[in-house]
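Some notes on the structure that comes next.
The values are calculated or read from the model by the stated rules, or taken from the named source; none is laboratory data. Please read all numbers here as calculations on a predicted model, not as lab measurements. Positions of Cβ are generated from backbone atoms using ideal geometry, with glycine treated the same way; all protein chains shown enter the neighbour counts.
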Amino acid sequence: MKISFDKDIYNEIRASWDRVAKPLDSLGCFEDLTARIGAVQGSTSIDISKRAVIMMCADNGVVEEGISQSGQDVTAAVASWMGRGESSVCKMAKTCGVNTIAVDVGINMEGSPAGVINKKVMPGTRNFAKEPAMTEDECMQAINAGIDIAEECGRKGYGILAAGEMGIGNTTTSSALAAALLGLDIDLVTGRGAGLGNAGLERKKHVITDALDRYITDEDTDRTSPEFTMQMLSAVGGLDIAGMAGVFIGGAIHHIPVVIDGFISAVAALVAERLAPGCRQCMLASHAGKEPGMKYLLDALELKPVIHAGLALGEGTGAVMLMPLLDAAMSLFSEGLAFDETEVEQYEHFTD
């Protein structure tokens, strides 16, 4: 798979920032982010005016184990709000000039809510505490659904995408995947999700620990390999995670940068990178999140978040919040005074 990232364009945009009449590197990470966007788009004429957040919606069978405050009916309810443009992310996206695309890859209901794209693989995963959540074929169907959505967005001229989700129980699936793929202790990557108490958190950790003990049979396995990644995604993952991984991979193929939202989105980003090495270059990290495993995921992806605000809403809301910040940076890149238009001498980089 060919990853869309032009290093020469990246360097050219960074050099252009140096010619803007301001101290060198003074816009911090935004100089890197804009250069990355241009490198993915394959042009120094960066265009992020048309953008969307893609919300992959699916249910998780592990909810049977009491690892969430809510039941699966909430997934369908929130997805229906998304379809009507009434959910949290839809309200925020409207303010930020971001279109919303809700996708059903596995909601436990007949059909799909109105306004939600039907890419349903199955009506929710199986309970991974009892059996693997999915087959690898079901996983691939969800991944391909995400790739297809990204490809369609490319045809429609979208310049940047964000990957969001909705699925009760998905901090459990994502914590299990993070622990498996990173080889970390459960305690380091498992949080309270949507507000579990102490007993609920311990139950959640116990369910994950038991499952990983059962599904990881060789401790010496290469946890970075595509084979292990697919094995774990199928065993303890979710259709929403697989769908978002497809969005990240599709973005890398079709010249569209994709913004990571929170913990669940970041797990999907790591899955994408393990399945299609190099696609991390086409990702942007929006925020640090509240879940404890977020730091380890972004470190593995070698990405730095912009927003540090303890966000934990999900749906793609944090990724949407990055868009106006990018707009502000782009206004300076496109319209700011250049040193050669002023009487001020251009700053120079020094290595000493």
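Answer yes or no: is there a residue in the range 59-73 that is surrounded by 21 or more Cβ atoms within 10 Å (Cβ to Cβ), in contact with a Ser or Thr (Cβ under 8 Å, 6 or more places away or on another chain), in contact (Cβ under 8 Å) with a residue 40 or more places away in the chain and under 29 Å from Ile253 (Cβ atoms). Within the range 59-73, one or more residues are surrounded by 21 or more Cβ atoms within 10 Å (Cβ to Cβ), in contact with a Ser or Thr (Cβ under 8 Å, 6 or more places away or on another chain), in contact (Cβ under 8 Å) with a residue 40 or more places away in the chain and under 29 Å from Ile253 (Cβ atoms).
Can you tell me which residue in the range 338-352 is surrounded by the most Cβ atoms within 10 Å (Cβ to Cβ), limited to those that are touching a helix residue (DSSP H, G or I) at 6+ places or on another chain (Cβ under 8 Å) and assigned to a loop (DSSP other than H, G, I, E, B)? The extreme case among them is Tyr347. Scan the range 260-282 and give yes if some residue there is modelled with pLDDT under 95 and under 24 Å from Phe248 (Cβ atoms), otherwise no. No, the conditions are met nowhere in the range 260-282.
Restricting attention to the range 221-252, the residues being without any contact (Cβ under 8 Å) to a residue 60 or more places away in the chain, assigned to a helix (DSSP H, G or I) and of a type in the set (Asp, Glu) number 1. If the condition is being under 22 Å from Val74 (Cα atoms), assigned to a loop (DSSP other than H, G, I, E, B) and in contact with a helix residue (DSSP H, G or I) (Cβ under 7 Å, 6 or more places away or on another chain), then the range 166-206 contributes Gly167, Ile168, Gly169, Thr190, Gly191, Arg192, Gly193, Leu196.
Looking at (1) touching a residue at least 60 places away in the same chain (Cβ under 8 Å); (2) surrounded by fewer than 23 Cβ atoms within 10 Å (Cβ to Cβ), which one does Asn118 not meet, given that it meets all the others? Single failed check for Asn118: (1). Residues in the range 7-28 that are surrounded by 17 or more Cβ atoms within 10 Å (Cβ to Cβ) and more than 19 Å from Phe339 (Cα to Cα) were compared, and the one that is nearest to the chain's Cα centre (by Cα) is Tyr10. The set of residues from the range 150-165 being part of a helix (DSSP H, G or I), in contact (Cβ under 8 Å) with a residue 24 or more places away in the chain and either of a type in the set (Lys, Arg) or surrounded by 23 or more Cβ atoms within 10 Å (Cβ to Cβ) (or both) comprises Ala150, Cys153. On the stretch given as the range 1-43, residues that are modelled with pLDDT of 95 or more, part of a loop (DSSP other than H, G, I, E, B) and of a type in the set (Ser, Thr, Tyr) total 2. Ile256 meets each of the listed conditions (1) part of a helix (DSSP H, G or I); (2) crowded, with 20+ Cβ neighbours inside 10 Å apart from (1).
Within the range 312-337, being outside any helix (DSSP H, G or I) and surrounded by 20 or more Cβ atoms within 10 Å (Cβ to Cβ) holds for Ala312, Gly314, Glu315, Gly316. Residues that are farther than 30 Å from Val207 by Cα and either out of contact with any helix residue (DSSP H, G or I) (no Cβ under 9 Å at 6 or more places or on another chain) or not basic (Lys, Arg) (or both) occur in the range 52-60; there is at least one. Looking only at the range 69-102, which residues are assigned to a loop (DSSP other than H, G, I, E, B), more than 15 Å from Val320 (Cβ to Cβ) and hydroxyl-bearing (Ser, Thr, Tyr)? Hit for the range 69-102 is Ser70, nothing else.
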